[in-house]
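Written out below as structure tokens is the structure these notes cover.
Here, each number is a calculation from the coordinates, and none is a lab measurement. Only a predicted model underlies this, so the values are computations on that prediction, with no experimental measurement involved. Using ideal geometry, Cβ is built from the backbone for each residue, glycine included, and neighbour counts are taken over all protein chains shown.
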Amino acid sequence: MMWLSANEAEALSLSLSVAARSVALSLPFAILLAWVLTRRRFIGRTLLDAFVHLPLVLPPVVVGYLLLLLFGTRGPIGSWLAQAFGIELIFTRHGAALATAVMSFPLMVRAMRISLENVDRGLEDAARTLGAGALDRFTTITLPLMLPGVLAGVITAFSAALGEFGAVITFVSNIPGETRTLPLALYTALQTPGGDHAAARLAIISIVLGFSGLLLSEWFAHRVRRLLGR
Amino acid sequence: MLEVAAKKHLGAFTLDAKFELPTPGVVALFGRSGCGKSTLINVIAGLLKAAGRVALDDAVLLDTEQNIDIPPQHRRIGYVFQEARLFPHFNVAGNLRYAERRAGAPAFVSFDLVIDLLDLGALMSRRTHQLSGGERQRVAIGRALLSQPRLMLLDEPLASLDASRREEVLPYLEILRDQLAIPMVYVSHNFDEVLRLATYLVLMESGKTVAQGGIADMSLNSGVRAIIGADAVGAVVDGTVLGMDPSSGLTRVGVGSGELKVLSETTAPGSKLRVQLLARDLIVATRAPQQLSVRNILTGVVTAVTGDEGEADLIAIDIGGTTIMARVTHAATRELKLTAGLPVWALVKSLSLRSRSFEAARPAAPDPPAAPTPPAATAPPAATAPPAPTTR
């Protein structure tokens, strides 16, 4: 990528890598939660629903702060992860991925729920009479039919992860090459005297990235709809 | 033997159903819309929980007293839904294979046989949204068959189709009944369909099973009469083909101790033909009629006279072990002094053939070629094979 500077290329690839990890981390949980919240009736469902949506209404800095408390070196989960698996989250790209995953999680779940609510449960009943057990029905009928929602969720979450700022900078700080993603790099450039030109370039990169993401998602959605025979 | 007993409260609606009928055969669950027919077959399928018992021969599928409740996926019940419910993300072949792969029993209905019986060959690579309504139902029937079911449930499979599409599917259901001997429960509020397909009829009214029995008996049931309306009331008789009448080319069908002549391709003696004699199409005479154009005349004895809607009575006539029904005015009842025990002649103005070869053990020898159609003007009242309506 000869037209990008080393710093820009670094921020871009880091952003993509953090967003990809973030999506990969949250995807299975998001599908599970979308299913539980749509299909199960249990005590505390409303509470769980509200909890999942919390990052949408909280200031990202608060989320970053809570993550510090829980996953910091002395936090209950952070110290356990470090001792048991040697995983360091604080000041690392893994931590950045976790922060963006938490922030984009409700967006992902929402998109999937809308799609799951539109899946005809009669088709699942039909599969059931044909001998399909619960897991079989989910993987062969429900999941393929909610694929448009899964795809929409993945794309929305990926875009949100690329742009996440507050939670990332609070939780894992702004370390070049490790946690300085595109928005953090842009912010840094703006804080640097004479960094206007660099900031503009980073902004253009962000715009191009977002635009291609939208086009790509349209193309995917079209393919999936054809696959589902609509 | 298919044994069903189910109790279930759903809001203000209460299901309280019970029937027991021999297998194989086609049981029609008949009743007005909203009487609980679909609820009941969902209980049989296991898709709806209810208290009671469902047993097919030796297999107990549900017995809440013994804590037996086999989940739907292990009941081996094929279910054809009203709206087909084909999987939109598979093509036709994919839908069929889905069932085949999950069949919980050794195949007694092979993939090739299903494609052959239901004429699915040309549809295999089609997407489900490219199918017509009739084709969708054929695929749904095929898919249910490939799960190797011991019982088929059909929930108004033709209700969402228009009349001509219905005729695209009905013959296939007849083939199923005659060639596969899988017990079937057929939900319908269309009496014509029931007459085409069913062996037994279970009548339902507001959640309860109120009467059950063979089609011939049930065609005279007052509850059934109330639903189908006075003009559709009439005896349904499963007659036996006696042979072909050489002079007219018509098929001679023995009903009770009498004989009817009908136009049918089936002429092999011993085959079964189902004939419907509408009550309004019978004329009752107390003396032997002479010099009439009507050729189908049955002799019998009046067994009952019951008031019907309007200024009419229904006269039940035993024609030698089989009961038929005629509709006459009150005035005629009085003048002819129609009472139980009176010998009468029943003149059949018209009749309709309801099933080509009902429950027939097909004769080993192929049927003789179809009889030539007699000129309409001189033909005695007769019927054509379905789907033609009642002939006059």
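Quantify how much of the Cα-Cα distance distribution of chain A extends past 23 Å, in percent. Could you put the intermediate results ahead of the total?
On the way: 14583 of 26335 pairs.
Roughly 55 percent, once rounded to a whole number.
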Return one number: the angle in degrees, 0 to 90 and rounded to the nearest 10, between the long axis of the Cα atoms of helix B:163-180 and the longest principal axis of the Cα atoms of chain B. 80 degrees
Hey, what did chain B get for relative contact order, percent, Cα under 8 Å, at least 6 apart? 15 percent
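Of all beta bridges DSSP finds with both residues in chain B, what is the antiparallel percent, to the nearest 5?
Working: 71 of 89 bridges.
The answer is about 80 percent antiparallel.
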Going through the DSSP H helices of chain A, which span 27 Å or more along their own axis at the Cα atoms while scoring at least -0.5 as a mean Kyte-Doolittle hydropathy? A:6-39, A:93-117, A:196-227
Got a sec? Charge dipole of region B:232-360, +1 on Cβ for Lys and Arg, -1 for Asp and Glu; which of B:VAL262, B:GLY300, B:VAL236 is way out at the positive end? B:VAL262
Value of D in µm² per second that Stokes-Einstein yields for region B:232-360, Kirkwood Rh from Cα pairs, at 4 °C (1.567 mPa s): 87 µm²/s
Give me B:ILE44, A:ILE169, A:ILE77 sorted ascending by neighbouring Cβ count inside 10 Å, so fewest comes first. A:ILE77, A:ILE169, B:ILE44
So the pair-distance distribution of region B:2-228, from every Cα-Cα distance in 5 Å bins, comes to percents of 1, 7, 15, 19, 20, 17, 12, 7, 2, 0
Provide the per-residue ³J(HN,Hα) series for region B:192-199, in order, calculated from phi with Karplus coefficients 6.51, -1.76, 1.60 and θ = phi - 60°, each as a whole number of Hz, with x at glycine and proline positions. 4, 4, 4, 5, 5, 10, 8, 9
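Among DSSP beta bridges lying fully in region B:2-228, give the percent that are antiparallel, nearest 5.
Antiparallel: roughly 60 percent of the beta bridges in region B:2-228.
Over region A:6-227, what is the relative contact order in percent, taking alpha-carbon pairs closer than 8 angstrom and at least six residues apart?
On the way: 263 pairs, mean separation 64.5, N = 222.
Reported as a whole number, the value is 29 percent.
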With +1 assigned to the C-beta of every Lys and Arg and -1 to the C-beta of every Asp and Glu, and no other charges, what is the dipole magnitude of region B:78-124 about the Cα centre in debye, to the nearest 20? 260 debye
Dipole-positive endmost among A:ILE204, A:GLN83, A:THR46 within region A:6-227 (Cβ charges, Cα centre): A:THR46
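Can you tell me the dipole magnitude for the protein assembly as shown around its Cα centre, using point charges on the Cβ only (Lys, Arg +1; Asp, Glu -1), in Debye to the nearest 20?
Working: 58 positive and 52 negative charges, 115 e Å.
Computed charge dipole of the protein assembly as shown: roughly 560 debye.
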Cα shape, the protein assembly as shown, gyration tensor, a/c 1.5 rule: prolate
Using DSSP, restrict attention to beta bridges with both residues in the protein assembly as shown and report what percent are antiparallel, rounded to the nearest 5. 80 percent
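Across peptide B:74-87, what mean number of C-beta atoms from other chains lies inside 10 Å of a residue's C-beta? Could you put the intermediate results ahead of the total?
On the way: counts 3, 3, 2, 3, 2, 5, 2, 5, 1, 3, 2, 8, 3, 11.
Averaged over the peptide's residues, the number is 4.
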Cα Rg, Dmax (largest Cα-Cα span) when computed across region A:109-230, Å: 20.7, 69
Express the relative contact order of region B:2-228 as a whole percentage, based on alpha carbon pairs under 8 Å and six or more residues apart in sequence. 30 percent
Against the longest principal axis of chain B, how steep is helix B:92-102, in degrees 0 to 90 to the nearest 10, with axes from Cα atoms? 70 degrees
Square roots of 5 times each gyration tensor eigenvalue, C-alpha, chain B, largest first, Å: 39, 26, 17
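How large is the dipole of region B:2-228 about the Cα centre if only Lys and Arg carry +1 and Asp and Glu carry -1, each at its Cβ, rounded to the nearest 20 debye?
Details: 25 positive and 25 negative charges, 135 e Å.
Charge dipole, region B:2-228, about its Cα centre: 640 debye, nearest 20.
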Quick one: which residues, 5+ away or cross-chain, put their amide H under 5 Å from the amide H of B:ARG354? H built at 1.01 Å from N. B:ARG274, B:VAL275, B:GLN276
Cα-based Lys proximity count in chain B, under 26 Å, for pairs eight or more positions apart or on separate chains: 18
Fewest Cβ neighbours within 10 Å first, please rank B:THR306, A:THR156, B:THR199 accordingly. B:THR306, A:THR156, B:THR199
